[in-house]
Amino acid sequence: MRRIMAAFALLMLLALPAAHAVQPDEIMSDPAKEARARELSRELRCMVCQNQSIDDSDAPLARDLRLLVRERIGAGDSNSQVLDFLVARYGEFVLLKPRFERQTLLLWLLGPLLLIGGGVALWLQIRRRARGGADLPAPPLTPDEQAKLAALKSEETKSP
């Protein structure tokens, strides 16, 4: 029974949403602007943690970026203007999902191209093996193998 309760408790902990690092003093008074700030914060990379959004990071730099996002939204910038401002200031690396542009074309296409290339290589290998095995004649049996085969055949005919 204890194991079931422990498993249930673990399942409940895993089901909880991720905790956000946004401090109460950062939250904007307008709920619509706060929702926009949260949406943008999920798209921006913490420069310290690098695999977390600034919305999830407790790093001081992430807090500064969250405040900067809220400041730009409060000034009346659109979402794209806020992102453009941050990219101009910190580079494309600040975006968790890079834009599909000429500079990032290889980044976006390398994964699918490798997957397709691997599939084609696998298909060619299977095809080559299937064709190669049918063309080769089986080597003749040695006298010892012929004797064993004859013994097996005679045992097979004797059994009901």
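The values are calculated or read from the model by the stated rules, or taken from the named source; none is laboratory data. Owing to the predicted nature of the structure, the values given are computational and were not obtained by experimental measurement. Cβ placement follows ideal geometry from the backbone for every residue including glycine, while neighbour counts extend to all protein chains displayed. For accessibility, only protein heavy atoms count, side chains too; no ligands or nucleic acids. Shrake-Rupley method; radii C 1.70, N 1.55, O 1.52, S 1.80 Å.
Screening Ala9, Ala62, Ala21 for residues that are outside the structural domain of Leu109 (by TED's automatic domain parsing) and either loosely packed, with under 14 Cβ neighbours inside 10 Å or modelled with pLDDT of 90 or more (or both) leaves exactly one candidate, Ala9. Here is the figure for the stretch 37-54: residues that are touching a strand residue (DSSP E or B) at 6+ places or on another chain (Cβ under 9 Å), among the acidic types (Asp, Glu) and over 13 Å from Val87 (Cα atoms) total 0. Condition first: within 17 Å of the chain's Cα centre (by Cα) and surrounded by 10 or more Cβ atoms within 10 Å (Cβ to Cβ). Now tell me which residues in the stretch 100-114 satisfy that. Once the filter is applied, which keeps residues that are within 17 Å of the chain's Cα centre (by Cα) and surrounded by 10 or more Cβ atoms within 10 Å (Cβ to Cβ), the stretch 100-114 yields Leu107, Trp108, Leu109, Leu110, Leu113, Leu114. For the residues Arg70, Arg89, the requirement of being modelled with pLDDT of 90 or more, among the charged types (D, E, K, R) and open to solvent by less than 30 Å² (accessible area, probe 1.4 Å) singles out Arg70. Applying the criterion of at least 1 residues that are closer than 17 Å to Ile27 by Cα and free of Cβ contacts under 8 Å to residues at least 12 places away in the same chain to the helices (runs of 4 or more DSSP H) found wholly in the stretch 52-137 leaves 60-74.
Can you pull out every residue in the stretch 138-151 that is modelled with pLDDT of 85 or more and either part of a loop (DSSP other than H, G, I, E, B) or open to solvent by 100 Å² or more (accessible area, probe 1.4 Å) (or both)? Once the filter is applied, which keeps residues that are modelled with pLDDT of 85 or more and either part of a loop (DSSP other than H, G, I, E, B) or open to solvent by 100 Å² or more (accessible area, probe 1.4 Å) (or both), the stretch 138-151 yields Pro140, Leu141, Thr142, Pro143, Gln146, Lys148.
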